[in-house]
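Here is the structure we will look at, set down as structure tokens.
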Amino acid sequence: MNKQPIGLFDSGIGGTSIWKEVIALLPYENTIYLADSKNAPYGEKTSEEILSLAIKNTEFLISKGCKLIIIACNTATTNAIDYLRKHYKIPFIGIEPAIKPAALYSKTGAIGILATKGTLSSKLFEKKAKEYTKKLTIIEQEGAGLVSLIESGKIDTPEINQLLETYLKPMLKFNIDHLVLGCTHYPYLIPKIKKIIGSNVNIIDSGKAVAKQTKNILEKNNILNIKNSNTVTHLFFTNGNKEILAQFTPIKSIYTF
Ligand code: DGL
């Protein structure tokens, strides 16, 4: 069991930002990454559609023998993790906007959250946000259009800069001191985001926390791969553009599914 891979899935390349943190902390683990790029962006779909895609991805990874699945997508986590945990035996690790640390460290009492429509409108997100709204002003902003541009390899374009300015500048008027990135695609935009929000606003993403949580759960279930005498294997699958995915991972064994 310990040598079986960890599975990760996302609507596309975004979850590679999580995959990088996971393999940095857990270098002996084999992994399988699934990029469902054909169906991106998840954030614009209904909760039912997102759940059905999450089930498909889960079944694929389980068929490949995964011992644990990281839902490397906020939108899929917030809409599907409860169902997946109920219906499959293996452990699931999810990722959701890190409101808690932002709330804990905020001095101005105002934080910004940039996430997809699917995440911001989910019941799970609403529940989490409610825990903090008494003490905090939370400025929620949908990142409409960002995932599609990233998925088509258009990170360094005026279009993306323009969207980011439109979404982030109004947040500054509320004196936010933390910006939570609630989508795993967005860490790839951090240099651009910093240029707009400056150095007084801390950017929080959940990659490291997810890797730590994965380690804890592997240990707790006794399925951590302590040392792998064979070479570690990382497999990437996509139903989208292989060349674009290859720009976000050092792994060259990319397959279509
Ligand atoms: N990476 C996904 C997330 O974290 C992207 C969602 C999308 O495809 O819209 O939410």
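Looking only at the range 179-235, which residues are part of a loop (DSSP other than H, G, I, E, B), within 16 Å of the ligand (Cβ to nearest atom) and not polar (S, T, N, Q)?
If the condition is that a residue be part of a loop (DSSP other than H, G, I, E, B), within 16 Å of the ligand (Cβ to nearest atom) and not polar (S, T, N, Q), then Cys183, His185, Asp205 are the ones that fit.
Take Ala102 and decide whether it is over 14 Å from the mean Cα position of the chain (by Cα) and buried (at least 22 other Cβ atoms within 10 Å of the Cβ).
Values: over 14 Å from the mean Cα position of the chain (by Cα): yes; buried (at least 22 other Cβ atoms within 10 Å of the Cβ): yes.
The answer is yes for Ala102.
Residue by residue through the range 1-34, note down the ones that are closer than 18 Å to Glu243 by Cβ, within 12 Å of the ligand (Cβ to nearest atom) and either free of Cβ contacts under 8 Å to residues at least 40 places away in the same chain or among the aliphatic types (A, V, I, L, M) (or both).
Matches in the range 1-34: Ile13 only.
Exactly one of these conditions fails for Cys183: (1) farther than 25 Å from Lys107 by Cα; (2) within 21 Å of the chain's Cα centre (by Cα). Give me its number.
The one condition Cys183 does not meet is (1).
Please state which one of Ile81, Ile95, Ile55, Ile71 is more than 14 Å from the chain's Cα centre (by Cα) and either modelled with pLDDT of 95 or more or of a type outside the set (D, E, K, R) (or both). Spell out how you get there, then give the answer.
Working: Ile81 fails: more than 14 Å from the chain's Cα centre (by Cα); Ile95 fails: more than 14 Å from the chain's Cα centre (by Cα); Ile71 fails: more than 14 Å from the chain's Cα centre (by Cα).
Exactly one of Ile81, Ile95, Ile55, Ile71 is more than 14 Å from the chain's Cα centre (by Cα) and either modelled with pLDDT of 95 or more or of a type outside the set (D, E, K, R) (or both), namely Ile55.
I need a count of the residues in the range 3-18 that are touching a helix residue (DSSP H, G or I) at 6+ places or on another chain (Cβ under 6 Å), of a type in the set (Ser, Thr, Tyr) and not in a loop (DSSP other than H, G, I, E, B).
Within the range 3-18, the subset touching a helix residue (DSSP H, G or I) at 6+ places or on another chain (Cβ under 6 Å) is 7-9, 11-13, 17-18.
This time we only want the ones that are of a type in the set (Ser, Thr, Tyr), so: 11, 17.
Pick out the ones that are also not in a loop (DSSP other than H, G, I, E, B) and you get 17.
Total satisfying the criteria: 1.
Can you name every residue in the range 53-79 that is part of a helix (DSSP H, G or I) and within 10 Å of the ligand (Cβ to nearest atom)? Show your work before the answer.
Of the residues in the range 53-79, the ones part of a helix (DSSP H, G or I) are 53-63, 74-79.
Listed by number, the residues that qualify are Leu53, Asn74, Thr75, Ala76, Thr77, Thr78, Asn79.
If I ask for residues that are touching a helix residue (DSSP H, G or I) at 6+ places or on another chain (Cβ under 7 Å) and part of a helix (DSSP H, G or I), which ones from the range 40-52 would you list?
Selection gives Tyr42, Gly43, Glu44, Ser47, Ile50, Leu51.
Out of the range 124-151, which residues are at pLDDT 95 or above and within 19 Å of the chain's Cα centre (by Cα)?
Glu140, Gln141, Glu142, Gly143, Ala144, Gly145, Leu146, Val147, Ser148, Leu149, Ile150, Glu151
Take the residues in the range 43-52 that are within 14 Å of the ligand (Cβ to nearest atom) and polar (S, T, N, Q), then tell me which one is nearest to Gly207 (Cα to Cα).
Ser47
With respect to Ala115, determine if the residue is of a type in the set (Gly, Ala, Ser), within 15 Å of the ligand (Cβ to nearest atom) and modelled with pLDDT under 95.
no
Does the range 105-141 hold any residues that are in contact with a helix residue (DSSP H, G or I) (Cβ under 9 Å, 6 or more places away or on another chain), over 23 Å from Ile244 (Cβ atoms) and part of a strand (DSSP E or B), and which are they?
Once the filter is applied, which keeps residues that are in contact with a helix residue (DSSP H, G or I) (Cβ under 9 Å, 6 or more places away or on another chain), over 23 Å from Ile244 (Cβ atoms) and part of a strand (DSSP E or B), the range 105-141 yields Ala110, Ile111, Gly112, Ile113, Ile138, Ile139, Glu140, Gln141.
The values are calculated or read from the model by the stated rules, or taken from the named source; none is laboratory data. The structure presented is a predicted model; accordingly, all values stated were derived computationally and were not measured. Because the Cβ atoms are built from the backbone with ideal geometry, glycine has one as well, and the counts that use them run over all protein chains shown.
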